[in-house]
Amino acid sequence: MLKKCIALFLLMCASLFVLQPTVLACTGFIIGKDLTEDGSWLYGRTEDLEPNHNKTFVVYPRTDNPEGATWKDEANGFEYPLPATSHKYTAVPDVTPEQGVYDEAGFNEHGLSISATVSATANDKILALDPYVENGLAESSMASVVLQNAKTAREGVELLAKIVTEKGSAEGNIVLLADKEGIWYMEILSGHQYVAIKFPSDKFAVFPNTFYLGHVDFSDTENVIASAGVMDLAKEAGTYQEVDGAFHIAQSYNPPLSDGNRSRSYSGIKALDPDADITYEDEYYELLHSSDKKYSLADAMALQRNHFEGLDLKPLDQMELDGKGKPDGKKAVDGYAYPISNQNVMEAHIFHLKDSLPKEVGGGVMWLAMGSPRNAPYLPYYGNITDTYKAYQDKSTEYSPDSWYWVISHINDMAAQYPDEFGTEVIDEVKALEAEWMTQQEALDKEMISLVASDPEKASELATQESMKRAEETFARLKEIEGSMEERVAALPTDSADTETTTSSTNNLLMLGIGALIGLGIVGLAIFYKKSKAES
């Protein structure tokens with residue numbers, strides 16, 4: 001994902017100092033309902049940008065808008081008319097709207113859910129003919145515009161298609177939209193080209209920051225929505241590629257596969273299917289994968305926490321501990337690579353969509369891990385909640401003891417910095433809590449189904465009360481864990497810290513020192529921004 005230029009400049013400068021590289025990356029996944037233990041759809045994403053980047057979780061109420069009102073993206077100037085009434089929706093926004101709202105993920109009141117986005121970029125030859133539009137639709141606006149306007153997943157795809165056609169896209173993006181009819185997977189390829197498919201129920205996919213669509217039947221308008229010139233643009237650019245005798249979208253539009261995308265594609269596919277017929281050296285990875293296995297919500301959580309378990313790869317953040325030097329971005333070296341789970345993950349979400357749950361509650365549950373899920377718990381939220389716990393709404397841009405994100409960030413920092421002291425004790429407790437909540441959720445689902453049918457307003461009140469209670473209890477426990485860890489760290493010898501990560505306070509101090517690099521930073525920014533668009 002791409003933030004405003006100042007943020008990119010700061011991140012570029014900071015990366016010269018800190019032990020952990022700053023990278024721009026997200027990883028999405030879908031598991032079709034024919035492949036799950038309970039017949040549900042599972043989909044979601046890790047939002048991966050940098051450490052120490054606060055996120056919030058909020059509910060926007062249904063809003064009547066004055067005639068002529070518009071949505072405006074402060075990040076790039078994109079504008080779009082607001083509807084007469086904006087739908088109520090849940091979201092996970094940034095705390096700096098002047099740099100872009102980035103609502104990212106949520107349900108609206110009509111049972112539409114969205115995860116937006118996994119950033120990607122087309123190759124230079126494509127972009128020479130159809131460049132991204134500076135004030136076009138960007139990730140920073142996408143979830144907000146769709147959830148306020150659309151009622152179904154197809155309607156959301158059609159809205160995005162209309163906007164990209166008329167106003168252009170500011171970036172390449174992969175976006176997921178879902179409702180009671182299933183999941184749509186959409187790639188916005190270049191300034192005005194896009195392809196969306198209704199995801200097959202018997203496949204799974206794992207997709208970091210590159211395009212994956214291969215063969216698509218453009219004549220199947222029930223399951224495919226595409227711009228008119230996708231194939232012609234590739235031919236005109238001289239990048240048109242066929243695989244097995246048919247036009248292949250990703251091979252025609254992508255730049256070469258980067259190390260960071262390779263490692264996350266390979267490890268993610270292997271995490272779900274260790275028997276998958278792929279190798280780490282493959283030139284590219286297809287979007288759709290079959291499996292004889294049946295997957296659970298816990299498997300989806302494990303995927304987003306994947307750290308190369310069972311593979312002959314080590315996370316880049318292990319290099320320093322092994323005396324191999326400092327990692328360089330997402331570049332793989334000597335068996336070290338960039339994993340799905342890393343300290344740059346600011347939040348992770350999983351939508352668990354069930355046929356039995358009515359659209360009034362979202363048709364399912366969003367399990368949200370605020371902060372990196374390496375030690376952060378996933379809590380379940382229906383789409384019909386009317387408010388969120390106060391710790392989710394703290395907008396501090398530096399450590400705050402009242403912020404869910406910052407408390408988790410601090411816990412993650414200490415667990416990573418002192419692995420010999422803390423081991424896996426935090427994540428072990430977190431997983432035990434999640435197992436309890438999954439069992440509780442089954443009972444609550446039955447109650448919610450019955451209550452929605454008789455009194456939707458009471459169902460909303462119950463969903464809100466239950467989620468508030470769980471969040472309050474969980475945050476209190478997280479604060480206890482944080483305090484205990486602080487006491488244990490204070491009692492350790494001063495040389496006992498590992499160099500796997502820097503703490504929030506250390507990162508903040510380092511950031512204060514980058515002013516001296518402003519002269520060099522102007523040149524570096526241009527290089528970094530171009531690289532970010534190529535790899536994120």
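The values are calculated or read from the model by the stated rules, or taken from the named source; none is laboratory data. Keep in mind it's a predicted model, so treat the numbers as computed, not measured. Note: ideal-geometry Cβ built from the backbone for every residue, glycine included; neighbour counts use all protein chains shown.
Filter region 442-459 down to the residues that are of a type in the set (D, E, K, R) and without any contact (Cβ under 8 Å) to a residue 60 or more places away in the chain and list them by number. Residues satisfying the conditions are Glu442, Lys446, Glu447, Asp455, Glu457, Lys458. Specify the residue that is surrounded by the most Cβ atoms within 10 Å (Cβ to Cβ); the eligible residues are those in region 286-301 that are closer than 30 Å to Gln440 by Cβ and charged (D, E, K, R). In this case the residue turns out to be Asp299.
The conditions of being under 21 Å from the mean Cα position of the chain (by Cα), at pLDDT 95 or above, surrounded by fewer than 21 Cβ atoms within 10 Å (Cβ to Cβ) and among the charged types (D, E, K, R) are not met by Lys151. Filtered by the rule that a residue be crowded, with 18+ Cβ neighbours inside 10 Å and within 22 Å of Thr121 (Cα to Cα), region 260-285 gives Gly260, Asn261, Arg262, Ser263, Arg264, Ser265, Tyr266, Ser267, Gly268, Ile269, Tyr284, Tyr285.
Just one of Ala246, Ala250 is among the hydrophobic types (A, V, I, L, M, F, W, C) and surrounded by 14 or more Cβ atoms within 10 Å (Cβ to Cβ); which is it?
It is Ala250.
Number of residues in region 345-389 that are within 23 Å of Lys479 (Cα to Cα) and outside any strand (DSSP E or B): the value is 11. Listed conditions (1) surrounded by fewer than 24 Cβ atoms within 10 Å (Cβ to Cβ); (2) over 26 Å from Ile114 (Cβ atoms); (3) touching a helix residue (DSSP H, G or I) at 6+ places or on another chain (Cβ under 9 Å) are all met by Asn375, apart from (1). Counting only residues that are in a loop (DSSP other than H, G, I, E, B) and either surrounded by fewer than 17 Cβ atoms within 10 Å (Cβ to Cβ) or more than 23 Å from the chain's Cα centre (by Cα) (or both), region 66-106 holds 9 of them.
Restricting Ser454, Ser403, Ser450 to those that are under 23 Å from Ala105 (Cα atoms) and either modelled with pLDDT of 95 or more or of a type outside the set (Ser, Thr, Tyr) (or both) reduces the list to Ser403. Tallying residues that are in contact with an Asp or Glu (Cβ under 8 Å, 6 or more places away or on another chain) and either under 17 Å from His349 (Cα atoms) or of a type in the set (Lys, Arg) (or both) within region 390-401 yields 1.
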